[in-house]
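Colleague: One structure follows; several queries about it will come next.
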Amino acid sequence: MIKLEDVHKSFAQHEVLKGVDAEINKGEVVCLIGPSGSGKSTLLRCINGLEAYQRGRISVDGETVDVGAPTIHDIRTRVSMVFQRFNLFPHRTALENVMEGPRYVLKEDAQAARQRATQLLTRVGLADKLQSYPSSLSGGQQQRVAIARALAMQPEAILFDEPTSALDPEMVGEVLQVMRALAEEHMTMLVVTHEILFAREVADRVLFLDGGRIVEEGPAGELLRHPKHERTQDFLRRVTHPV
Amino acid sequence: MTGFFANAGIYLPILLKGVWLTIAVTFLALTLATLLGLVWALFRTSGIAWLAMATRVFVEFVRGIPILVVLFYIYFVMPEVGLDLTAFQAGVAGLALTYSCYIGETFRAGIEAVDRGQVEAAKSIGMKQPLMMRRVVLPQAFKIVVPPYSNNMVMLLKDSSQVSVISVAELTMQGKMLASSTFDNMTVFTLVALLYLCLTLPLNFVMRRVEIAMGKAQ
């Protein structure tokens, strides 16, 4: 459903993606791992058209992702994004944050949007926080609102950009739990993460990105337990045994 | 001192006529300048390169000319190309034009100060630029710009005295005429200064409340 073919991306002189090929199928959960600076977030942002890429092709359901094209808005409604720093709208309540897209982008009527937003927030365990502003929510709660906001667009896939990296350790679990539930419902997900344990348990497939290229990919269990490439082995050793 | 109060009673009604005109000029110029300023700011942040550039050149151009010269230009030069405005109209137009550039820059700074993540979040749910501006960016930008905008308001009110040079009989002009006919400079200009304070201090107070209210309303 999401296809990347020989994707190149540079910031000025610095080439971040040096020809990435990958495919994410419908209903699949794929984790994208790799050292910082390897281009993971950039890759994710290119898929959603938040960054332009210079060469190659990214497509969603066969439709090319092009930042300058009018189709980009429509593609974004089908591929939602969850950010590392949540990026909730601070001037709107949790409920309003979730309603925003359906109400003003999809033009649903207020009643229906409200009802579905309430259901979604209940589903992520925040039924008692509908009227709270982001500033009064914990990081974990904010990220769950952000996931509900992404879900409210009824997307075909969700991109997660290090969704737990900005959280205090005790809040990581509640967010991963919501994501695990989504995976069990076969939501198509591409997750940039450092949570190797989560990747091992939840992902169908893992891509290891290093130096702007996909160095290794394979079924989660296999790649994470028995990495073949030296750089993958080295990375996993450092992540799982930091000391 | 008794002389001051005795004469003040005579001068005040005359000066108050000027106060009303000062308020009228300020209010009209501020309204126009705010609307135009918003347009300049939206142009400059539109992402459309030529539009942003053209606006930038225009704003830099107007900002680089003293208000007095702008007023002279509109009042004395424009009639030669067929645009004949009354002194009042020219005064409002000159102030509005100049301040639209200051206010536009204030708004632009506010828009650019909104966290980039907000723009990305808005885009990620499929919002196009106009909707994103209206629902996400501007509500947050307005909160940021209340203090500098208040400052612009007060400065505009004080700069409305400049239109006296093209014979608009606002407060400063009334004071000048009164002083030159009575030679009572001390009383007249003290009153003029106090009357300006009667306008600016409440304005400051009100805007401070607005700032606090917006801060609370998250």
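Here, each number is a calculation from the coordinates, and none is a lab measurement. Since the model is a prediction, treat every value here as computed from it, not as a measurement. Neighbour counts are summed over all protein chains in view; Cβ atoms, including those assigned to glycine, are modelled from backbone coordinates with ideal geometry.
Colleague: Of A:K9/B:K123; A:K3/A:K129; A:K129/B:K123, which sit over 31 Å apart, Cα to Cα?
Modeller: Values: A:K9/B:K123 20 Å; A:K3/A:K129 37 Å; A:K129/B:K123 25 Å.
Beyond 31 Å: A:K3/A:K129.
Colleague: Most mobile of A:D61, A:D109, A:D21 per a Gaussian network model of chain A (Cα springs, under 10 Å)?
Modeller: A:D109
Colleague: Could you point to the residue in A:T93, A:L209, A:A181 farthest towards the positive end of chain A's charge dipole, with +1 and -1 charges on the Cβ of Lys/Arg and Asp/Glu respectively?
Modeller: Going by the Cα projections, it comes out as A:T93.
Colleague: Same structure, new question: Take the Cα pairs of chain A, get the Kirkwood Rh, then feed it into Stokes-Einstein at 10 °C and 1.306 mPa s and tell me D in µm²/s. Write down the numbers at each step before the final one.
Modeller: Details: Rh = 18.4 Å.
Reported coefficient: 86 µm²/s.
Colleague: Separate question: For A:V191, which sequence-distant residues (separation of 5 or more, or a different chain) have an amide H within less than 5 Å of its own amide H, given hydrogens modelled in the peptide plane?
Modeller: Placed amide hydrogens put A:V30, A:C31, A:L32, A:F160 under 5 Å from A:V191.
Colleague: Helix A:139-152 sits at what angle to the longest principal axis of chain A, using alpha carbons and giving 0 to 90 degrees rounded to 10?
Modeller: Value to nearest ten degrees: 80.
Colleague: Give me the Debye-computed log₁₀ of I(q)/I(0) at q = 0.07, 0.09, 0.14 Å⁻¹ for segment B:2-217, equal point scatterers on Cα only, no solvent, two decimals.
Modeller: So the normalised log intensities work out to -0.29, -0.46, -0.92.
Colleague: Continuing with the same structure: Which of A:N25, A:I72, A:A112 sits closest to the plus end of the dipole of chain A, meaning its Cα is farthest towards the positive end, when Lys and Arg get +1 and Asp and Glu get -1 on the C-beta?
Modeller: A:A112
Colleague: With +1 on the Cβ of every Lys and Arg and -1 on the Cβ of every Asp and Glu, and nothing else charged, how large is the dipole of chain A about its Cα centre, in debye rounded to the nearest 20? All intermediate terms of the calculation are to be shown ahead of the outcome.
Modeller: Details: 29 positive and 33 negative charges, 71 e Å.
That gives chain A a dipole magnitude of about 340 debye.
Colleague: Given a 10 angstrom Cα cut-off, can you work out which residue in A:A220, A:A94, A:A127 is the most mobile in a GNM of chain A?
Modeller: A:A127
Colleague: Need one number: the % of Cα-Cα pairs in segment B:1-109 sitting beyond the 19 Å mark.
Modeller: Cα-Cα pairs of segment B:1-109 separated by over 19 Å account for 57 percent.
Colleague: Right, another one. Which of B:Y75, B:Y11, B:Y99 ends up with the largest GNM mean-square fluctuation for chain B, with Cα atoms connected below 10 Å?
Modeller: Largest GNM mean-square fluctuation: B:Y11.
Colleague: Just how large is the dipole of the protein assembly as shown about the Cα centre, in debye to the nearest 20, putting +1 at every Lys and Arg Cβ and -1 at every Asp and Glu Cβ? All intermediate terms of the calculation are to be shown ahead of the outcome.
Modeller: Working: 45 positive and 44 negative charges, 151 e Å.
Charge dipole of the protein assembly as shown: 720 debye, to the nearest 20.
Colleague: Of B:V165, B:A141, B:L203, which is farthest towards the positive pole of segment B:2-217's charge dipole, taken about the Cα centre with +1 and -1 on the beta-carbons of Lys, Arg and Asp, Glu respectively?
Modeller: After comparing all options, I get B:A141.
Colleague: Something else: Would you mind working out the magnitude of the charge dipole of chain B relative to its Cα centre, with +1 at each Lys and Arg C-beta and -1 at each Asp and Glu C-beta, to the nearest 20 Debye?
Modeller: Details: 16 positive and 11 negative charges, 163 e Å.
Dipole about the Cα centre, nearest 20: 780 debye.
Colleague: Additional query: Over the protein assembly as shown, what portion of Cα pair distances is larger than 32 Å, expressed as a whole percent?
Modeller: On the way: 57044 of 106030 pairs.
In whole percent, the long-distance tail amounts to 54.
Colleague: Something else now. Quick one: which residues, 5 or more positions from A:E216 or on another chain, have an amide H under 5 Å from its amide H? H modelled 1.01 Å from N in the peptide plane, none for Pro or chain starts.
Modeller: A:F208
Colleague: Gap in Å between the Cα centre of segment B:1-56 and the Cα centre of segment A:1-43?
Modeller: The two parts, judged by their Cα centres, are 53 Å apart.
Colleague: Check which residues have an amide H placed less than 5 Å from A:R92's amide H, if you skip close sequence neighbours.
Modeller: none
Colleague: Under the rule of -39500 (n - 2.57) per DSSP H run of 4 or more residues, summed and divided by the residues of chain B, what mean residue ellipticity at 222 nm is obtained, to the nearest 500 deg cm²/dmol?
Modeller: Working: 9 runs with 170 residues, N = 218.
That comes out to -26500 deg cm²/dmol.
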